[in-house]
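Novice: First the structure, then my questions, so here it is.
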Amino acid sequence: MSLKKIIVPEGMRFAAGKASDGFDPWCYLLYRPLEAALLWLSENPIVPTDEQVHSLAFEHEFPNHKWMLTEWQRRMFLAPDPEEAKTEKKRTLEEIEIERAEVELAISKARLEEFRLSNEKLAKTLAGN
């Protein structure tokens, strides 16, 4: 298995070095944690909810995919507005468990399909011999 190469943007590296209060101004020591965080993010992307996508789609006068993707990236880590957080609906434990079950079902279906395709490919290979 090959390791993914992660590129830490210069602006991010500079910001981390500056935030170190002189401890690591060139971000030599902080580079690896930043790289690890970006690797984690690349493997665990933060997906906007349908509500967030809808909000983005109707927020701008002439939205396009590039603007929406850039705006989502900008908002991903911003703390919610305290007023919006008060009105945001809290998910119940049951809703979370249902969502988890749906995700597990989707993963199982994908694995089953992968297994089916693998067996189909094997059968074709064996039939050719």
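All of the numbers you see were taken from the coordinates with simple rules; none came from a lab. The structure presented is a predicted model; accordingly, all values stated were derived computationally and were not measured. Neighbour counts are summed over all protein chains in view; Cβ atoms, including those assigned to glycine, are modelled from backbone coordinates with ideal geometry.
Novice: By its C-alpha gyration tensor, with a ≥ b ≥ c as the square roots of the eigenvalues, how is the chain shaped: rounded for a/c under 1.5, else prolate for a/b larger than b/c, else oblate?
Specialist: oblate
Novice: Go through 56-66, 8-18 and give me the packing order, highest mean Cβ count within 10 Å leading.
Specialist: Final packing ranking: 8-18, 56-66.
Novice: Related question: Label Ala123 and Arg74 with points 7 Å out from Cα along Cα→Cβ: what is the distance between them in nm?
Specialist: A separation of 5.3 nm, rounded to one decimal place.
Novice: Straight-line reach from Lys18: which aspartates and glutamates have Cα under 15 Å away, leaving out those fewer than 8 places along the same chain?
Specialist: Glu10
Novice: Beyond a 30 Å Cα-Cα separation, which of these cross-linked pairs lie in this structure: Lys4/Lys121; Lys66/Lys109; Lys4/Lys66; Lys66/Lys121?
Specialist: On the way: Lys4/Lys121 28 Å; Lys66/Lys109 32 Å; Lys4/Lys66 25 Å; Lys66/Lys121 38 Å.
Table pairs above 30 Å Cα-Cα are Lys66/Lys109; Lys66/Lys121.
Novice: Mind giving me the FRET efficiency for Val103 and Asp21? R0 is 41 Å, r the Cβ-Cβ distance, nearest 0.05 is fine. Mind showing how you got there, number by number?
Specialist: Working: r = 41 Å, r/R0 = 1.00.
Approximately 0.50, to the nearest 0.05.
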